[in-house]
1. Go through the residues of region 187-195 one by one and say whether even a single one is β-branched (Val, Ile, Thr), in contact (Cβ under 8 Å) with a residue 12 or more places away in the chain, within 30 Å of Ile250 (Cα to Cα) and open to solvent by 20 Å² or more (accessible area, probe 1.4 Å).
2. Enumerate the strands (runs of 3 or more DSSP E) found wholly within region 1-81, keeping only those where 1 or more residues are of a type in the set (Phe, Trp, Tyr).
3. Yes or no: region 289-296 includes at least one residue that is open to solvent by 20 Å² or more (accessible area, probe 1.4 Å), touching a Lys or Arg at 6+ places or on another chain (Cβ under 8 Å), modelled with pLDDT under 85 and more than 20 Å from Ala400 (Cα to Cα).
4. Pick from Thr12, Thr6: which is of a type in the set (Val, Ile, Thr) and loosely packed, with under 14 Cβ neighbours inside 10 Å?
5. Answer yes if at least one residue in region 110-118 is part of a helix (DSSP H, G or I), over 53 Å from the mean Cα position of the chain (by Cα) and not basic (Lys, Arg), and no otherwise.
6. Mind checking which residues of region 62-94 are hydroxyl-bearing (Ser, Thr, Tyr) and open to solvent by 60 Å² or more (accessible area, probe 1.4 Å)?
7. Hey, among the residues in region 535-559 that are surrounded by 14 or more Cβ atoms within 10 Å (Cβ to Cβ), in a loop (DSSP other than H, G, I, E, B) and not hydrophobic (A, V, I, L, M, F, W, C), which one's farthest from the chain's Cα centre (by Cα)?
8. Which is under 55 Å from the mean Cα position of the chain (by Cα), modelled with pLDDT of 85 or more and closer than 30 Å to Phe122 by Cβ, of Glu85, Glu19, Glu100?
Amino acid sequence: MSGAGTRVGIGTHFRYDGETVEVVEMAATSAGNEVVLKNARGGLLRVSLKELLFSDRAAIIPAQGGPRATDEEELAGVVLGQLSEAQRQQVIEQAEHVREVLTGFRSGSRELARDGEPRPQFAPDLPLDARYAAKAAELGVADRTVRRWAAAYQRGGEARLAPRRRQGKSAADRVDERWVETALEVMVEHTDASKPSRKMVIDRTRARVIARHGPEVVRLPSQAVAYRVLVELERRHPLFRLSTKRNRDIADRPEGPYGKLRPTRPGEYLLMDSTRLDVFAFDPLTLRWVQAELSVGMDWYTRCVTGIRVTPVSTKAVDVAAVLFESFRPRPFGKDWPRGAVWPEHGIPRTALVDVAVEGIGLASPPTVPETLVVDHGKVYVSDHLSSVCRRMGISIQPARLRTGRDKGPVERFFRTLREDLLQALPGYKGPDIHSRGEDPEADAFFFLDELEEIIREWTATTFHCRPHSGLVDPGLPGLRMSPAQMFEHGMARAGYIQVPRDRDLAFEFLPTKWRTIQHYGVEIDGRRYRGPGLPPPGSKSPYTWRGKHEHWPFQVNPDDITKIYFRDRERVWHALEWEHAPTAGMPLSEEALAFARKLAVRKYAYPNDRLAVADLLERWNAGLGSTPAERRMALRLSREQAIELPDVGTQTAVTLPSVRRALGDEGAMPQAGPEEVGEAESGDDDPADFEDLVDDDEFYATALKDADE
């Protein structure tokens, strides 16, 4: 009798370490069953039976025939899985007929007999030939057919009764393989080109085959067969059915198995990337709508967004440095943010806080110092300045593969979630592509870049960080889904520590450097003069060499706050130098705002200067005499939080924007206030809510004059 088992005993042969051996002795020992093997040269070897049966070094040689894993017969699950429901029901009924012939019972067991079984013509005591004849007469088939069914069922059960499927050849198998390979070659060549037609690919394939092999060597397929071959090749290399961008993405897939980095603690990998936002915003300099770019930093382990920066048109290296530094020194939380969106200070888990209103506790994002940056190959991410700073800070940079978005999958998914959950609910939304664009989305764009950034920050803190993510799981509890905030606490408990900045003054190394000479009036940068303590005397020789000279000194400049620059003296101590017109501004002033103020001053004064420009600009805003409501809103940019929080410059907290509540579907309700670290800001004439209902210039000036008369 053949079957899956075979006897192991004296005389059984094995293939062991490449040679044939025979079992000559078996013994039971305290360590287990052992056998003695004898090879063709007469040598003896004693091994355990466990080693002989389960080791890859040994394989049994059966003495009788039986099923093998290398048989051409398909698995029962494969055969039955290909059947339709009707075919499956037919096989079940056919198997019941066979069991009734062999045993007298449709179930094959006397214990599971149905009513009236066994029937007289299929009684088990009748000859088998009589039962074959009775079943053939009942079903109206030949006696030989029933015998064939019974033999097949006894060999392989229901799977043997299933109808055999013919392995038909595909269209590509019936065509000369040289023509198929040439067609695939032509399709691959069009990966980076515009989408061709199938006819053009067939014509080029035919011409190339004739040129290579001659006109009569390769048999060319007909036009219909060639089209069917291209349909099959489309599965190997998509070219005609999908968009060209999608086809390029598929063609760039790695040939080997997919792999990815696997973070084990917070701060191990920081993903950084930039994307073009699908909304329009106003530029405070030109007061026109512009396209905005978003740059973010995301901790891979927790999915926490540690840095956010919105810039007009394109991202610069200073913006990337600002995003990176936010993971070193997070911004303060918004005063109206809910409790769950406020992060604790360094090293204090939220679960350890008894009173959530502890003074001085509250951040907008978790504080981490990354160990490795995962970036793309953009110039701003591989700039000399950023690379040098990262090397000094002990941060390694790992570039992603070219045009491989899956290497930064979590941050790419964040961009999609941001678009679907927030951006599409904001005015000025233009859609992800030109086919999804509205008729005139530019007309609805009224957010300034800084306002749009605050909206994204608040949504990230109050919604994204507090919502469970399907990708954040603990291997010990695979059914538990955690939010990024919970994953951060889980990572702290798992790793036992987090990396924190060792020196606050390291912030200055992220700022861009300007080289200037020291004059008797101070330092001049872009027409602005700075003075302050710690500045060397005029004419002092610099220890640095810039363009072959020793007259220039390095100064660190923050483009978002030009009221101060920063200088390190010979004793390696940092000093802040103040702009001579900083008292006139009375608040942080960006380079863009100063350029706009100078533009206004040129129109009004014959001999304008920065003091008059800034004073006139602030006076126009304070008096409500802006040329448009949008110009009034431009004052908000001057009070924005700094892109890089410096050790000696205070920052203001962000307020909850009404647009965020409308986008999140919570128009009337206000979130619960977070820790009371900052008091309520005093409102004045420049409150933007006073101008939300103004629609044209005439109504604007009428309201302003009415307020003046009163």
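1. yes
2. Counting at least 1 such residues, we get 13-16.
3. yes
4. The match here is Thr6.
5. yes
6. Correct list: Thr70 only.
7. Applying the filter and picking the extreme gives Ser540.
8. Of Glu85, Glu19, Glu100, the one residue that is under 55 Å from the mean Cα position of the chain (by Cα), modelled with pLDDT of 85 or more and closer than 30 Å to Phe122 by Cβ is Glu85.
The values are calculated or read from the model by the stated rules, or taken from the named source; none is laboratory data. Only a predicted model underlies this, so the values are computations on that prediction, with no experimental measurement involved. Cβ coordinates were reconstructed from backbone atoms using ideal geometry, including for glycine residues, and neighbour counts include every protein chain displayed. Accessible surface areas use protein heavy atoms only, side chains included; no ligands, DNA or RNA. Shrake-Rupley method; radii C 1.70, N 1.55, O 1.52, S 1.80 Å.
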